[in-house]
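The values are calculated or read from the model by the stated rules, or taken from the named source; none is laboratory data. Quantities reported herein were computed from a predicted structural model and do not represent experimental measurements. As a convention, Cβ positions derive from the backbone with ideal geometry for all residues, glycine included, and neighbour counts pool all protein chains shown. When the accessible area is computed, the model is the full protein with side chains, heavy atoms only, and any ligands, DNA or RNA have been set aside. Shrake-Rupley method; radii C 1.70, N 1.55, O 1.52, S 1.80 Å.
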Amino acid sequence: ELKVEQNPLFLSMQEGKNYTIYCNYSTTSDRLYWYRQDPGKSLESLFVLLSNGAVKQEGRLMASLDTKARLSTLHITAAVHDLSATYFCAVDRTSGSRLTFGEGTQLTVNP
Amino acid sequence: DAGVTQSPTHLIKTRGQQVTLRCSPKSGHDTVSWYQQALGQGPQFIFQYYEEEERQRGNFPDRFSGHQFPNYSSELNVNALLLGDSALYLCASSRGIRRGQETQYFGPGTRLLVL
């Protein structure tokens, strides 16, 4: 059974600081996704990582994938309040199939 | 280009009742997946429909059933509702289930409360 674990589950950080969210998964997978969810809202796709060593960046967020270690990271640079949300990583074994999600990391950025 | 749409946005039911949730996929998408997200948890896969057939199913009881129509829209039906069925129900669409297809795009969700 594919398992996805995120840590930390809760993260409170100050504006301007850097931090990293980690996502480990248990079996080989085709691709890894990062989603953002604001309270009471749906999931917004942030990144899709397709291969070992893939790195993608959008604004203050950068995601990377190490398929050998079965690890993805979401790095936050110089955090701002607008980044406050819950971040999920998700994995599918074959493209287009069911997604298995982590528990989510609830990020709060304080002034 | 309309994204994934779901209806209704909110729903209140009582235990034992039945509910139907609806989803229209993003234009050009033919595959619909349903997820249940309980409060404070990650979404859990319910099932996936492609070519009007259920292709994959998660660990949900038979009370959860679905349907896909020729226009690719989909319904999720839940019978004999339990308090534990209270959750946000998310629909996701994608282009096919073949290798190399794109990411799944999520709709706004239907929030179901069972009293």
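A few comments on the model shown:
- Among the residues of A:31-42, the average count of other protein chain beta-carbon atoms within 10 Å of the residue beta-carbon is 3.
- Å² of accessible area per residue within chain A, as computed with a 1.4 Å probe and no ligands counted: 49 Å²
- Summing charges over neighbours of B:Y72, with a neighbour being any other residue whose Cβ is under 13 Å away from its Cβ, gives -2 when K and R count +1 and D and E count -1.
- Size of the A/B contact, given as accessible area buried on both chains, probe 1.4 Å, in Å²: 1600 Å²
- For A:D82, neighbours were defined as the other residues whose beta-carbon sits under 15 Å from its Cβ, and their charges (Lys and Arg +1, Asp and Glu -1) total 0.
- Reciprocal mean inverse distance between Cα atoms of segment A:28-102 - Kirkwood radius, Å: 12.9 Å
- Chain B, relative contact order [Cα under 8 Å, separation at least 6], %: 36 percent
- Accessible solvent surface per residue of segment B:42-85, calculated while the other protein chains remain in place, 1.4 angstrom probe, Å²: 50 Å²
- Rel. contact order, % - alpha carbon contacts under 8 angstrom, at least six apart, segment A:4-111: 38 percent
- Average beta carbon contacts from partner chains per residue of B:43-51, 10 Å cutoff: 3
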